[in-house]
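The values are calculated or read from the model by the stated rules, or taken from the named source; none is laboratory data. Just so you know, these numbers come straight off a predicted model, no measurement behind them. Cβ coordinates were reconstructed from backbone atoms using ideal geometry, including for glycine residues, and neighbour counts include every protein chain displayed.
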Amino acid sequence: MRLVSALTIFLIALTGTTSADAKIEKFPSGMRVQNIKTDGATIYVRTGGQGPAVLLLHGFADTGDMWAPVAKALIKDHTVVVPDLRGIGLSSYPDKGYDKKTQAGDMMLVLDALKIQKVDLVTHDIGNMVGYAFAALYPERVTRWIIIDAPIPGIGPWDEILKSPLLWHFNFRGPDMDRLVKGRERIYLDRFWNELSANPKSIDEATRRHYARLYARPGAMHAAFEQFAAFSQDATDNKALEAKGKLTMPILALGGDKSFGTLQADIMRIIATNVEGGMIANSGHWIMEEQPEATTKAIRAFLDRK
């Protein structure tokens, strides 16, 4: 039993997965893992490859593990950097710092520790929000940005988006909600995968078990709720960043055709001057889980442009 437990711990530390999750795609064998201390957090980071750097930022109900197919496609000619955001996955769960400006600072310090100056940015969901803060605060460090299927607090139709009944979870937090979800993390996460996908069956059982286990770690769900609790501050911060001027780096804004669709590009054109839109067919919000090949192909094609 000790051997099995030790093997399980080793595999989680190496890839964020276990051998029981046969359908969870593994990161390439050349990827390294390390814990990098930032301002108030410890960020779990996977890195590998060589060439131009790509920073991949995940969102809620995922961890950096969602990017394994993209890492596999890029690692031969890119330096791939895949963190877990603070309060999610194998990063630490601090009491504060869930506003996206602070988390952009986490990413800046991660890149400094890795001695990486410039990155192509690829983001999804809450990763989009961290990505905007990062690109607006440190534009000299972002070469290009691929943003995927989620709004940005305070920008464009944000107030209308908040009225959607599908987004009740934005205000679902507090001690009683912590108690309601404790031990029922899988039930709570199933709601997101089922209601925000084009086809719930595309998020398979292994994937659901994998992320439910990570979000059941002590303190993990409370920290995840804090990501949403920070949205009001994020909206204020983003309006101030927007007022300073538009982003100028090339941006590809991708939406699932059953989710944000062309709205993703419309939002980005409010805050950026060089935006190309695109859609992933037969996909809801969970683009990497629902259509990994098409999404990876779109990312690769944009990054390959000279």
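Scanning segment 34-46 for residues that are under 10 Å from Ala113 (Cβ atoms) and buried (at least 16 other Cβ atoms within 10 Å of the Cβ) returns Ile36, Thr38, Ile43, Val45. Each residue in segment 136-168 was checked for being assigned to a loop (DSSP other than H, G, I, E, B), free of Cβ contacts under 8 Å to residues at least 24 places away in the same chain and of a type in the set (D, E, K, R), and 1 of them qualify. Entry remark, segment 262-306: residues being modelled with pLDDT under 95 and touching a Leu at 6+ places or on another chain (Cβ under 9 Å) number 0 in total.
Residues checked against (1) in a strand (DSSP E or B); (2) modelled with pLDDT under 95; (3) in contact with a strand residue (DSSP E or B) (Cβ under 7 Å, 6 or more places away or on another chain):
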site: Val82; (1), (2), (3): yes, no, yes
site: Gly87; (1), (2), (3): no, no, no
site: Asp95; (1), (2), (3): no, no, no
site: Lys101; (1), (2), (3): no, no, no
site: Gly105; (1), (2), (3): no, no, no
site: Met108; (1), (2), (3): no, no, no
site: Ile116; (1), (2), (3): no, no, yes
site: Val130; (1), (2), (3): no, no, yes
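Taking only segment 28-77 into account, find how many residues are among the small types (Gly, Ala, Ser) and part of a loop (DSSP other than H, G, I, E, B). Of the residues in segment 28-77, 7 are among the small types (Gly, Ala, Ser) and part of a loop (DSSP other than H, G, I, E, B). Tell me, please, whether a residue that is farther than 18 Å from Phe172 by Cα, assigned to a helix (DSSP H, G or I), touching a residue at least 12 places away in the same chain (Cβ under 8 Å) and in contact with a helix residue (DSSP H, G or I) (Cβ under 9 Å, 6 or more places away or on another chain) can be found in segment 217-231. Checked segment 217-231: no residue is farther than 18 Å from Phe172 by Cα, assigned to a helix (DSSP H, G or I), touching a residue at least 12 places away in the same chain (Cβ under 8 Å) and in contact with a helix residue (DSSP H, G or I) (Cβ under 9 Å, 6 or more places away or on another chain).
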